[in-house]
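FYI, it's all coordinate maths here, none of it is from the lab. Nothing here was measured: the structure is a model prediction, and the numbers come from that model. In this analysis, Cβ positions are derived from the backbone assuming ideal geometry, glycine residues included, and neighbour counts consider all displayed protein chains.
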Amino acid sequence: MTLLHWTLPLPAGYRRDDVIAFHSRDAEAVAEQVTATGLRKGILLAGAAVVLDVAFTHDAAICRADIDGDSDADAGLRERLHGALLNILGLRIDPQPFAQLAAGDPLMAPLVRVNPGLRIVQSASPFEALTWAIIGQQINLPFAIALRRTFILQAGRRHSSGLWCYPEARDVARLAVEDLTGRKFSRAKAETVLRLARLVDDGELSLEPDASGEVAAISQALLAVKGIGPWTVNYALLRGYGYADCSLHGDVAIRAALQKLLGEESKPDMARTEQWLRQYAPHRTMAAAHLWASLHAAEKNSSPERE
């Protein structure tokens, strides 16, 4: 086994409980596990089974990557593991610029005061974020979590520690549609997941942003994939890339939160929601985060993953 270590400083007011809650949604803890001091998450990366182990102190995250196998990790793998840690710890998007933007806003400022320092916790990789978005479309959250668990057990790999690792595209591409439909996936959902995995595995679809970090080309490429629409793309940009200006106007929970915030009798439609969110560009991701948080209690039994 190869061991790598990092110490990541945490900003003042860092909300570690939010991070732990995000990674403990599956009560069976198949690929994510809460520990006495933090969390552990299993991922497949460059074909290697890895467990990321995070222990929180009052001002830092003490991180370790346990990589199955004896070969040394190259610089590329180290960089990708470091990026995965930034993702799962919610360290990609600084919440302060949005807080400053909303400080004088009579509607959003109270939401920010209730949840100061709120962050976007991400999936370990864009592929994980995309597959989770597809899996969660149009179903309630408990069922989505159960499907995700089945997906990991079918396509992932067990780390030597016993924790399962979330699969990469190459692992998912080996599955047949019947492998998923036989485990309660709808045919459309199964076909979309496999279509995405095979495009990525074959090199026809790159999930890597360009050198400038822009995601426009990725967005357009994803929209060209059958079964992937604007909501899935925006959710993937948020959870997979930490993109700061995602417009989640197609999300049912966002529209419900906006209805509550505006005190109206019905949800605003997508066009109006999109227009309303536009005032918070280029920080619409954090606007969505605060709207979601305002409906936290209601969201415990419903999934925000909607196309």
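Tabulated values for the structure
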| read-out | value |
| --- | --- |
| Residue-span extension gain [Ala221 to Ala271] - 0.36 nm each, minus C-alpha spacing | 15.7 nm |
| For Glu214, net neighbour charge (Lys/Arg +1, Asp/Glu -1) across residues whose Cβ lies under 12 Å away | -3 |
| Footprinting exposure proxy for Thr192, Thr2, Thr35 (fewest neighbouring C-beta atoms within 10 Å first) | Thr35, Thr2, Thr192 |
| Long-range HN-HN contacts of Ala60 with modeled amide H, under 5 Å | Leu10 |
| The chain, relative contact order [Cα under 8 Å, separation at least 6], % | 19 percent |
| In Hz, Karplus ³J(HN,Hα) per residue of the range 74-84 (6.51, -1.76, 1.60; θ = phi - 60°; x = Gly, Pro) | 7, 4, x, 5, 4, 5, 5, 5, 4, x, 4 |
| Gyration tensor (alpha-carbon) shape descriptor, the range 2-93, a/c threshold 1.5 | oblate |
| Reachable lysines from Lys226, criterion Cα separation under 18 angstrom, eight or more residues apart if same chain | Lys189 |
| Per-selection Kirkwood Rh - the range 40-195 (Cα, Å, 1 d.p.) | 17.7 Å |
| Range of Cα positions in the range 161-302 per principal axis (Å), largest first | 49, 38, 35 |
| Spin-label proximity, Glu191 to the range 217-261 - amide N less than 13 Å from point 7 Å beyond Cα toward beta carbon | 226-228 |
| Estimated D of the chain in µm² per second, where Rh is the Kirkwood radius over Cα pairs and Stokes-Einstein applies at 25 °C, 0.890 mPa s | 123 µm²/s |
| Relative contact order, percent, the range 102-250 [alpha-carbon distance under 8 Å, six or more residues apart] | 28 percent |
| Karplus-derived HN-Hα couplings along the range 62-69 (A = 6.51, B = -1.76, C = 1.60, θ = phi - 60°), whole Hz, x at Gly and Pro | 8, 10, 9, 10, 9, 9, 4, x |
| Most mobile of Leu238, Leu52, Leu262 in a GNM of the chain (Cα contacts under 10 Å) | Leu262 |
| Cβ-based exposure ranking for Trp6, Trp231, in which fewest neighbours within 10 Å come first | Trp6, Trp231 |
| Spin-label pair Thr57/Gln100, simplified geometry with 7 Å Cα→Cβ offset, distance in nm | 3.0 nm |
| Longest site-free stretch - the chain; sites: trypsin sites (Lys or Arg not before Pro), DSSP loop, at most 16 other Cβ within 10 Å | 26-173 |
| FRET E, pair Glu208, Ala21, Förster distance 30 Å, beta-carbon r, rounded to 0.05 | 0.55 |
| Segment Leu262-Ala36, extension gain: residue separation times 0.36 nm, minus the distance between their alpha carbons | 77.3 nm |
| Per-residue [θ]222 nm for the chain (sum of -39500 (n - 2.57) over DSSP H runs n ≥ 4, rounded to 500) | -12500 deg cm²/dmol |
| Theoretical FRET efficiency, 1/(1+(r/R0)^6), r = Cβ-Cβ of Ala109 and Thr7, R0 25 Å, to 0.05 | 0.10 |
| Cβ-based exposure ranking for Val50, Val177, Val121, in which fewest neighbours within 10 Å come first | Val177, Val121, Val50 |
